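The values are calculated or read from the model by the stated rules, or taken from the named source; none is laboratory data. Values in this document were obtained by computation on a predicted structure and should not be read as measured data. Because the Cβ atoms are built from the backbone with ideal geometry, glycine has one as well, and the counts that use them run over all protein chains shown. Side chains are part of the model used for accessible areas, which takes the heavy atoms of the whole protein and leaves out ligands, DNA and RNA. Shrake-Rupley method; radii C 1.70, N 1.55, O 1.52, S 1.80 Å.
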Amino acid sequence: MKWVTCAAVVGLMSIGYSANAEDKLTVYSYRQAFLVEPIIQRFTDETGIGVDVVFAKDGIAERIAREGRLSPADLVLTSDFSRLVELVDKDLTSPVKSTLLENNIPAQYRDPDGQWYALTMRVRNLYTAKDRLGPQQMTYEELADPKYKGKICTRSGKHPYNIALVASIIAHHGEAEAKTWLQGVKANLARKPQGNDRGQIAAVKEGVCDIALGNSYYYGNMLKDPDQKVIAEAVTINFPNQADRGAHVNVSGMALARYSPNKANAIKLMEFLSADVAQKAYADINMEYPVKTDVAPSPLVASWGQFKSDQMPIFKLAEYHQAAVKLLDEVQFDL
């Protein structure tokens, strides 16, 4: 496991500075430096509060647990909902009550006890081959239809994005029906689950499959990348379940660390991240949907059109998280 401080990422440039030790914060982040750094710098510029950011791809919960009461972590930034659930399940968060946070972040996208707050959302889209299928009004449930045998690509079922999707299927249909669905999806796979979400879109272009699961912001970032634009343009982005419950969304989020030594300033940062400046930055830099309802998505994301999202509160999915992992094991989805 590799831990990288912000200073190491940006060379000699520091993300923030404060002369007073009490005006320092430490953030542990699953989110990447290119997205976090400009937002944190703006916070430091406006408040004078310096922030040290430690980046990691995994292992943050384990590190905080190991550090215990001596942990310097004030705030944790996560790239998906499952990481938030893990922090809460391991009793590594501290509840936050903030009128500003509650006003900025809809109840659907925050823990009812204030243990975590979402910052952005992304859709679990279905991408179809533009030249072979074109736009499709599909549902997640249809992925198990035998007519799609050998036509579907996805990353590992055990990836947090897919665990959350399976949890949503359980929430809406129950475990027995969700297991049958998962078995059907597995039978329709064009190849063993592998790669990342961008890789699934590439597989559609290459003709490996006709339908791929992937998060919306990966597609947006591929369209912005001159090296990947031609790959992304080979697929059509579809928002599932528009005629019934709506598309499944996942969230990035934040949680106050249980033993935060600087709680007051950490809450100031949380409030800043939920407000217009940071929400707009998330939208423009990483093609994500802001959770603050009056902040618009980027023009590129907006060009995909409006969509109906699943209105089940995100926190309800935590109840089905372990059941989703269990089903994926039982079905041996990745084998």
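Details
- Consider segment 110-126 and keep the residues that are assigned to a strand (DSSP E or B) and open to solvent by 10 Å² or more (accessible area, probe 1.4 Å). The one that is farthest from I267 (Cα to Cα) is M121.
- Boolean, Q136 is farther than 21 Å from L189 by Cβ and polar (S, T, N, Q): no
- Out of V301, V251, sole residue that is open to solvent by less than 10 Å² (accessible area, probe 1.4 Å) and more than 20 Å from Q200 (Cα to Cα): V251
- Exactly one residue out of A167, A171 is of a type in the set (A, V, I, L, M) and more than 18 Å from the chain's Cα centre (by Cα): that is A171.
- The set of residues from segment 284-306 being touching a residue at least 60 places away in the same chain (Cβ under 8 Å) and under 18 Å from the mean Cα position of the chain (by Cα) comprises I285, N286, M287, E288, Y289, P290, V291, K292, T293, S298, V301.
- For segment 179-218, residues that are in contact with a strand residue (DSSP E or B) (Cβ under 6 Å, 6 or more places away or on another chain) and among the aromatic types (F, W, Y) total 1.
- Those residues of segment 140-181 which are assigned to a loop (DSSP other than H, G, I, E, B) and open to solvent by 30 Å² or more (accessible area, probe 1.4 Å), in sequence order: D145, K149, G150, K151, S156, K158, H159
- The set of residues from segment 110-123 being within 20 Å of the chain's Cα centre (by Cα) and either modelled with pLDDT under 95 or not β-branched (V, I, T) (or both) comprises R110, D111, P112, G114, Q115, W116, Y117, A118, L119, M121, R122.
- Answer residue from segment 267-287, given it is small (G, A, S) and crowded, with 23+ Cβ neighbours inside 10 Å and is nearest to T99 (Cα to Cα) among those: S274
- There is at least one residue in segment 66-77 that is touching a residue at least 60 places away in the same chain (Cβ under 8 Å), under 19 Å from N250 (Cα atoms), touching a Leu at 6+ places or on another chain (Cβ under 8 Å) and not small (G, A, S).
- Residue match in segment 168-178 (condition: closer than 24 Å to V325 by Cα and in contact with a Pro (Cβ under 8 Å, 6 or more places away or on another chain)): no
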